[in-house]
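The values are calculated or read from the model by the stated rules, or taken from the named source; none is laboratory data. Just so it is clear, the model here is predicted, and its values are computed rather than measured. Note that each Cβ is placed from the backbone with ideal geometry, even for glycine, and that neighbours are counted across all protein chains shown.
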Amino acid sequence: MKRALLTRFAHGVLLAACALTLAACGREESSTSGAAFTPTPEQVARGRYLTRAADCAACHTAKDGAPFAGGAPLASPYGTFYGSNITPDKDHGIGNWSADDFYAALHDGNARGKRLYPSMPYTSYRQLSRADTDAIYAYLMTVKPVAVANQANDLKFPYSLRFGMALWDMVFLKDALPDASAGQSADWQRGRYLANALGHCAECHTPRNVFGQLVDAKPLSGAALGRVVATDITPAGLAGRGWTAADLQTFFSVGIAPQGSAFGEMYPVVHLSTQYLNKDDVRALSVYLLGDTPPAPQPVKAVDADAAQLAAGRSVYLAVCAGCHGLAGEGKPHVAVPMNGNSTVRQADPHNLLVAMLDGIDTQKFAGLEDMQAMPAFASTLSDDELSQLANYLRATWGGQSANVVAADVKALR
Ligand code: HEC
Ligand code: HEC
Ligand code: HEC
C-alpha cells in the first residue's frame, strides 16, 4: 500500500549512504531515560484519538496481525521495510522506552540511537507537539504487549546502510512544512496541524526531488506514487475538480462524496484515520485545504471533441460501464459512484482514470452503511483502443478535459 511513499525518499537514502564519512560525524545520538511518566485517563483517550489521526496503524499493524505489533511489509524497489512492533512489550516492542525516547523517534527519527529511515514519516511528525506525542505514548503503553520480534528490513546495498540517514536528516529535515493555502482562522490553524503534522498528507501529495526530499515550492500539488497518483489537493486543484468544503468533509468522514470515492493509497487513509476524526477536526481539515477564502468550485467545462471518436467511446461505455455507473454517468447509490463530474475523470492527467479501468478496485468498506461492490478490472477484456476511446468519452463528456488520450497511453500502463 505504502510502496510509493517509500520509493520516493530512497534516492535520499542513496545520497546519504554514499557520504559515509560525513555521516559518521552526524548529529549526536542520544537515548534519554526520562522521568517517571504517569498518564491520566484523559491523556490515554486523547492519545487513542491522535494515534488514529496520525494513522500509525497503517504501517504498524500487519494484515491480520495484532494491533501495533508491526510486521507490515512496505515494499519498494530498493527492498522491503517493515513497520516495527510498537506495543509495550519489553523485549520486542517499546516497553522499555521513556516518553523522551518516544519523542526523539517521532521528532528526530532517532530510535534510541538508531537512525530511522523516513519510511517512518518523522519528517511530518516532527511538527507534533510534545503534549501530543506524550498522549500517543500514553495510549500505546495501554495496548496489549505482543511478543513478536521485529522483522529486519530487507534492503539492497547501499540503502541498507542505516547510518547514512544522519546526513539526510541534517540536510533535509525541516521544522515546518510550507502551506498550499492561505488562512489565519482557528480552523485553518488546527487544519494545518491535522494535515501537516498528524495526517502527514504531504508525504504522499507533495512531489519529491531526486534526493527524496519534499519539494518546498510545490506543497500538496500532487505526486506520482505507485500505481495510483496522489492528486493535486491545493485550493486551485481541488476547486478545479469541483470540490467544496462540505463535499471534502463527506469524503473524509465516509470515503465517498459526489466527486467520487477514495481508492488506491487514499483508501486506508480514510478507512483507518480520517473517518474517526470528530466533526470539528474534519471541518478544520477542509478549511485548511481550501484556505480561509475558498475558491469557487468549477463547473465541468464544455469540450469540443471529434464526434465519431466520442460515439465509439460511448458504445463501449453503454456496453460495459453504464450498468453500474448509469446511462448519464449519474452513478447508483450503494452500487457505484457517478462518472459525471467525478474528480478522477476531471483530472488533466488521465493516469488514475486509466489505472482504475485497467486494474479495477477491490471491494472496499466505507463508513456507516455505505458500501460498494468491487469495480471490475478491464485490462484483459478491453483493448488499448477501446480503453482510450472510453477515456476520451468520459473526459470530454463529464470531465471537462480534452479527448487527447491515445492507445499508447493505455499500453504504457499495462
Ligand atoms: C508510512 C508508514 C508509517 C507510519 C504512518 C508510521 N510509522 Fe512508525 N515506523 C515505520 C517504519 C517502516 C519503521 C521502521 C523504520 C526503520 O527501520 O528505520 C517505523 C519505526 C517506528 C518506531 C521505532 C521503533 C523501533 O523499535 O525502532 C517508532 C517508535 C514508531 N515507528 C512509532 C510510530 C508512531 C507512534 C506512529 C504514529 C504517530 C507511526 N510510527 C507511524 C513506518 C511508519
Ligand atoms: C460492477 C459495477 C461496475 C462496473 C461494471 C464498472 N464500475 Fe467503475 N466503479 C464501480 C465502483 C463500485 C466504484 C467505486 C469503488 C470503490 O471506491 O470502492 C467504481 C469506480 C470507478 C472509477 C474511480 C472513480 C472513483 O471515484 O472511485 C472509475 C474511473 C470508474 N469506476 C470507471 C469505470 C468505467 C470506465 C467502467 C467501464 C469500463 C466501469 N467503471 C465499470 C463499479 C463499477
Ligand atoms: C499514503 C499516501 C497518501 C496519504 C498519506 C494521503 N493521501 Fe490523499 N490521496 C492519495 C492518493 C493515491 C489519492 C488518489 C486516489 C483517490 O482519489 O482516492 C488521494 C486522493 C485524495 C483526495 C481526493 C482528491 C480527488 O480529487 O479525487 C483528497 C481530498 C485527499 N487525497 C486528501 C488527503 C489529505 C487531507 C491527507 C492527509 C490527511 C491525505 N490525502 C493523505 C494518497 C495519500
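Looking only at segment 360-398, residues that are more than 16 Å from ligand 3 (Cβ to nearest atom) and of a type in the set (D, E) come to 4 in all. Checking each residue in segment 86-110 for being closer than 14 Å to G70 by Cβ, in contact with a Leu (Cβ under 9 Å, 6 or more places away or on another chain) and either touching a residue at least 60 places away in the same chain (Cβ under 8 Å) or not aliphatic (A, V, I, L, M) (or both) picks out T87, P88, G93.
Give the residue that is nearest to the chain's Cα centre (by Cα), with candidates limited to residues of segment 222-238 that are of a type in the set (A, V, I, L, M) and farther than 16 Å from G191 by Cβ.
It comes out as A230.
Could you grab me the full set of residues in segment 90-100 that are part of a loop (DSSP other than H, G, I, E, B) and surrounded by 19 or more Cβ atoms within 10 Å (Cβ to Cβ)? Scanning segment 90-100 gives G93, I94, W97. Of all residues in segment 239-247, at least one satisfies being buried (at least 22 other Cβ atoms within 10 Å of the Cβ), within 16 Å of ligand 2 (Cβ to nearest atom) and either under 26 Å from G326 (Cβ atoms) or free of Cβ contacts under 8 Å to residues at least 60 places away in the same chain (or both). A search for C-beta distances below 7 Å between a residue of segment 297-323 that is outside the structural domain of L238 (by TED's automatic domain parsing) and any residue that is surrounded by fewer than 15 Cβ atoms within 10 Å (Cβ to Cβ) and of a type in the set (A, V, I, L, M), counting only pairs 6+ apart in sequence or on different chains, returns nothing. With respect to the conditions (1) farther than 16 Å from V316 by Cα; (2) more than 8 Å from ligand 2 (Cβ to nearest atom), N352 lacks only one, and its number is (2).
Taking the conditions (1) at pLDDT 95 or above; (2) part of a loop (DSSP other than H, G, I, E, B) in turn, A284 satisfies each one other than (2).
Of all residues in segment 343-364, which are in contact with a strand residue (DSSP E or B) (Cβ under 6 Å, 6 or more places away or on another chain) and within 25 Å of S221 (Cβ to Cβ)?
Here is the first cut: in segment 343-364, the residues in contact with a strand residue (DSSP E or B) (Cβ under 6 Å, 6 or more places away or on another chain) are 343-344, 360-361.
Matches in segment 343-364: S343, T344, I361.
Screening A72 against (1) in contact with a Gly (Cβ under 9 Å, 6 or more places away or on another chain); (2) away from ligand 3 (no atom under 16 Å from the Cβ); (3) more than 30 Å from V287 (Cα to Cα) leaves a single unmet condition, (2). Taking the criterion of being modelled with pLDDT under 95 and farther than 22 Å from T61 by Cβ, the residues of segment 111-135 that qualify are G113, R115. In segment 248-265, of all residues being in a helix (DSSP H, G or I) and among the hydroxyl-bearing types (S, T, Y), the one that is surrounded by the most Cβ atoms within 10 Å (Cβ to Cβ) corresponds to S253.
Do you know which of the residues in segment 106-126 that are assigned to a loop (DSSP other than H, G, I, E, B), near ligand 1 (Cβ under 9 Å from one of its atoms) and more than 18 Å from the chain's Cα centre (by Cα) is farthest from L214 (Cα to Cα)? Break it down into steps so the answer makes sense when it comes.
Let us first name the residues in segment 106-126 that are assigned to a loop (DSSP other than H, G, I, E, B), namely 109, 112-113, 116-121, 126.
With near ligand 1 (Cβ under 9 Å from one of its atoms) added as a condition, the list becomes 109, 112, 116-121.
Now restrict to residues that are more than 18 Å from the chain's Cα centre (by Cα): 109, 112, 116.
Working: G109: 16, R112: 26, L116: 17 Å.
Residue satisfying both the conditions and the ranking: R112.
With respect to being farther than 25 Å from A69 by Cβ, within 23 Å of the chain's Cα centre (by Cα) and assigned to a helix (DSSP H, G or I), G212 falls outside the description.
Looking for whichever is surrounded by 21 or more Cβ atoms within 10 Å (Cβ to Cβ), modelled with pLDDT of 95 or more and away from ligand 1 (no atom under 16 Å from the Cβ) here; the options are A195, A138, A180. Which one fits?
Checking each option against the conditions leaves just A180.
Counting only residues that are in contact with a Lys or Arg (Cβ under 9 Å, 6 or more places away or on another chain) and over 17 Å from Y288 (Cβ atoms), which one in segment 249-259 is farthest from ligand 1 (Cβ to nearest atom)? Selected residue: Q259.
Candidates in segment 77-89 are the residues that are more than 24 Å from P39 (Cα to Cα) and assigned to a loop (DSSP other than H, G, I, E, B); of these, the one that is nearest to ligand 2 (Cβ to nearest atom) is G83. For segment 336-359, the criterion of being in contact with a Leu (Cβ under 8 Å, 6 or more places away or on another chain), of a type in the set (D, E, K, R), in a helix (DSSP H, G or I) and within 28 Å of T234 (Cα to Cα) is satisfied by no residue at all.
Among the residues of segment 215-236, those identified as touching a residue at least 40 places away in the same chain (Cβ under 8 Å), of a type in the set (A, V, I, L, M, F, W, C) and assigned to a loop (DSSP other than H, G, I, E, B) are L220, A224, L225, V228, V229, I233. For residues in segment 385-414 being assigned to a helix (DSSP H, G or I) and among the polar types (S, T, N, Q), which is farthest from V228 (Cα to Cα)? Going through the qualifying residues, I end up with T397.
Tell me the residue from P268, P219, P207 that is surrounded by fewer than 19 Cβ atoms within 10 Å (Cβ to Cβ), more than 8 Å from ligand 3 (Cβ to nearest atom) and under 15 Å from the mean Cα position of the chain (by Cα), please.
Working: P268 fails: more than 8 Å from ligand 3 (Cβ to nearest atom); P219 fails: surrounded by fewer than 19 Cβ atoms within 10 Å (Cβ to Cβ).
Sole residue among the options that is surrounded by fewer than 19 Cβ atoms within 10 Å (Cβ to Cβ), more than 8 Å from ligand 3 (Cβ to nearest atom) and under 15 Å from the mean Cα position of the chain (by Cα): P207.
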